[in-house]
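Shown next, in structure tokens, is the structure this report addresses.
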Amino acid sequence: MRKNRIFGKAVLGVLLLFSCIGNVRAQEERAGGFFSLRSQSPIQQLRVGIQHHPPWTVPEGRWAIHFQYTWKNMWLYEENLFRVDGEVHEWVLRGAYGITDRLEVMAEIPVRYLTGGILDGLIEGFHDTFGYVQAGREKFPRDQFAVDIYVPQTGTRINLGASEAGWQLGNLVFSATYAITRSRKQKFRAVLTGNIKFPTATTQHLFGSQNIDLGLSLGTGYSWSPLHIYYNAGFLYYGDKEIMGIELRQWHLSMLLAFEFRKKGSRHSWIFQGLVESGVAVDYDEFAKRTSEILLGYKHYYSSGWTFGIGILENIFYYDNSPDVALHLELTRLF
């Protein structure tokens, strides 16, 4: 019943936000650029990562809404140490407002559904077809939700199963973004973004630490139409020193590089981006190593003002600690 109430409140919040901003008239601006998607690595999911911001802000007095859905399969296994197995459906609602032409404020909240999923057979078949190793998948039944952690340094053991799956409310994040360059007509653009995370999540075992965390990032972009290049870099400070018995690094670095191909006036945009994050743990196998993710995506810009985006993440190049596979969908509109 508690999980149903949490989900009901989240849905009500979405409806209230739409009712507040639905009557604000639309404008000609387009939500272009890379996909503003946090790391989907099962390792990075232990905490809230940097939300990299495109190099522009919402104009003064205007609203922007962003709704995204990500379906990811997680698999991480090291014998006698850890197993992270399952699928996550995540919905994120993000609202931003332009206080001035240079200053934007944003708030977002995720809602997640954890499950054993349905993709294990498809993934194993794909791996067999193309000669990829199964990385231990074949040792366990398919379509389970399980998080098993053993930390030799402390003797800590964590075992989460089907009873811990289901609906979860994520952590609330606020941010403020300042446009260092003002005009979107400039070839070079840059913004500075500060983030603060509050521990509103319904569980302390997964998806976010239980203290207030702070982040700062610089987002830049340069255009040689039809090619647009984006480079973002940032760092975070986490209040927590450990989670599930794993000693964590409190300072964290993140870098994003993206390429967008979009002709002037076109409604179509093709995007290729990579995200690199520093390791989460001080000394715990794969958790201490940096993670690398690749995304290939497409955006379509409608005359109504909506932007639709779809992206695919796969770990062909970085098998050990990136998401096994993930589908990302998003809708954005500026009012």
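The values are calculated or read from the model by the stated rules, or taken from the named source; none is laboratory data. These numbers come from a predicted model, not from an experiment. Cβ: placed from backbone, ideal geometry, glycine included. Neighbour counts: every protein chain shown.
Here are the numbers:
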item	result
Filtered residue count, the stretch 279-306, keeping only those that are modelled with pLDDT of 95 or more and either β-branched (Val, Ile, Thr) or surrounded by 17 or more Cβ atoms within 10 Å (Cβ to Cβ) (or both)	2
Cross-chain or 6+ apart pairs with Cβ under 6 Å, the stretch 148-164 first and assigned to a strand (DSSP E or B), then of a type in the set (D, E, K, R)	Asp148/Arg83; Tyr150/Arg157; Asn159/Asp148
Complete set of residues in the stretch 65-100 that are among the β-branched types (Val, Ile, Thr) and in a strand (DSSP E or B)	Ile65, Thr70, Val84, Val88, Val92
Test for Lys197: is it closer than 19 Å to Arg94 by Cβ and at pLDDT below 95	yes
Residue pairs meeting the criteria (Cβ under 7 Å; at least 6 apart or on separate chains; first closer than 13 Å to Pro54 by Cα, in the stretch 188-201; second modelled with pLDDT under 95 and among the aromatic types (Phe, Trp, Tyr))	Phe188/Tyr222; Arg189/Trp56; Val191/Trp56
Subset of the stretch 37-64 [touching a Lys or Arg at 6+ places or on another chain (Cβ under 8 Å) and either part of a strand (DSSP E or B) or not hydrophobic (A, V, I, L, M, F, W, C) (or both)]	Gln40, Gln44, Gly49, Gln51, Pro55, Thr57, Ala64
Some residue of the stretch 311-318 being assigned to a strand (DSSP E or B) and among the aliphatic types (A, V, I, L, M)	yes
Boolean, Phe335 is over 15 Å from the mean Cα position of the chain (by Cα) and modelled with pLDDT under 85	no
Which numbered condition Gln273 misses (of (1) out of contact with any His (no Cβ under 9 Å at 6 or more places or on another chain); (2) surrounded by fewer than 17 Cβ atoms within 10 Å (Cβ to Cβ))	(2)
Residue count, the stretch 110-120 (criterion: part of a strand (DSSP E or B) and surrounded by 21 or more Cβ atoms within 10 Å (Cβ to Cβ))	4
Filter result (within 18 Å of the chain's Cα centre (by Cα), over 18 Å from Phe235 (Cβ atoms) and touching a residue at least 40 places away in the same chain (Cβ under 8 Å)) within the stretch 271-286	Ile271, Gln273
Selection from the stretch 46-55 of residues that are crowded, with 24+ Cβ neighbours inside 10 Å and of a type in the set (A, V, I, L, M, F, W, C)	Val48, Ile50
Test set (1) modelled with pLDDT of 90 or more; (2) crowded, with 17+ Cβ neighbours inside 10 Å; (3) not charged (D, E, K, R) - Leu160 fails condition number	(1)
Selected residue (only one of His268, His252, His300, His328 is more than 30 Å from Val151 (Cα to Cα) and in contact (Cβ under 8 Å) with a residue 60 or more places away in the chain)	His328
Looking only at the stretch 249-270, and only at residues there that are surrounded by fewer than 21 Cβ atoms within 10 Å (Cβ to Cβ) and within 30 Å of Asn211 (Cα to Cα), the one that is nearest to the chain's Cα centre (by Cα)	Met255
Which listed residue is among the hydroxyl-bearing types (Ser, Thr, Tyr), under 30 Å from Arg94 (Cβ atoms), in contact with a Leu (Cβ under 9 Å, 6 or more places away or on another chain) and at pLDDT 85 or above, from Thr177, Thr181	Thr177
